[in-house]
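To keep things clear, I will list the structure first and then write my remarks on it.
All of the numbers you see were taken from the coordinates with simple rules; none came from a lab. The shown structure was predicted, so the numbers you read here are calculated from the model rather than taken from an experiment. A quick note on method: Cβ atoms are made from the backbone with ideal geometry, for glycine too, and the neighbour counts reach across all protein chains shown.
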Amino acid sequence: MGLFDNAELKEAKRNYKEEMKQLASKMKANGNIPGIAKWDDSLQVISIGPIGFSTIVKYNTIKEIEIIEDIKQISSTKVKGKEKRKGTFTRAAVGTLLMPGIGTLAGALTAKKESSGEKETTTSQQITKTIRLTRDDPFKSVLTFPYNSELEYKLQDILNRNSTSSIQKKENTELETSSPTNSSIADELRKLKGLLDDGVLTEEEFKIQKERLLQ
C-alpha cells in the first residue's frame with residue numbers, strides 16, 4: 001500500500017512539474033518588474049523570482065497576501081572610542097492584505113541614545129519586510145518573497161479580481177437556480193393544460209396560472 005502511495009505521489013509531482021513547465025513556455029508577458037516578476041494576464045499566470053529560480057503561480061489559486069515586518073532592535077555601547085554591541089532582540093509584525101508576502105531591509109532608525117561618563121549607548125531598529133502568499137497548491141501552499149511595492153500592488157490586484165470573479169459566479173449560479181428554464185415552463189404549461197382538459201381547472205383559472213408562469 002505504501003509503495004503504491006509513494007509511486008502515485010511521484011507521478012503527481014512529475015505531472016505538476018510538467019504543467020508548470022508548459023505554463024512557463026506558453027507565457028507571453030504583458031507586464032513585468034525587472035528581476036522580480038513577470039506576468040501574462042491572458043494566460044492568468046505570474047512568475048515570481050529571478051530567472052532560473054522563479055515560481056509560477058496561477059491567478060485563480062491565490063487566496064491571501066500578507067505583508068510581514070520583522071523588527072530587530074540593536075543596542076550598542078561605545079566606551080573610550082571603542083564600540084561594543086550589547087545584544088539584539090527581534091519581534092515580528094504582520095499586516096494582512098489578503099495575500100502572502102516577502103521581506104526586504106527597510107532601514108535602521110535610531111530610537112535611543114544614552115551617555116554616562118565615558119560610556120555611550122545607542123539603540124536602533126532594523127525593519128525587514130517580506131510578502132507571504134497563500135495559494136491552493138498540492139505541494140507548496142505558502143510562498144515568501146522579498147518585499148517590493150509593485151509586486152504587492154500586482155498581487156493585490158489579482159486577488160481583488162479573484163474575489164470579484166467568485167462573487168459573479170455565485171450570483172450567476174443563484175440566478176440559474178432561481179430562474180425556471182424554458183423546458184420547466186413548458187412542462188408546467190402541459191400540466192395545467194391537462195388539468196384544464198380533465199375539468200380540474202376552469203378556463204379562467206387556466207389563464208391566470210398560465211400568465212403567472214410566463215411572467
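Miscellaneous remarks
- The phi torsions of region 199-204, fed into the Karplus equation with coefficients 6.51, -1.76 and 1.60 and a -60° offset, translate into couplings of x, 6, 10, 7, 4, 5 Hz, rounded to whole numbers, with Gly and Pro shown as x.
- R0 of 35 Å, Cβ-Cβ distance E8-K72: FRET efficiency to nearest 0.05: 0.20
- Out-of-range pairs (alpha-carbon distance over 30 Å; input K13/K72; K26/K154; K21/K154; K38/K63; K17/K72): K13/K72; K17/K72
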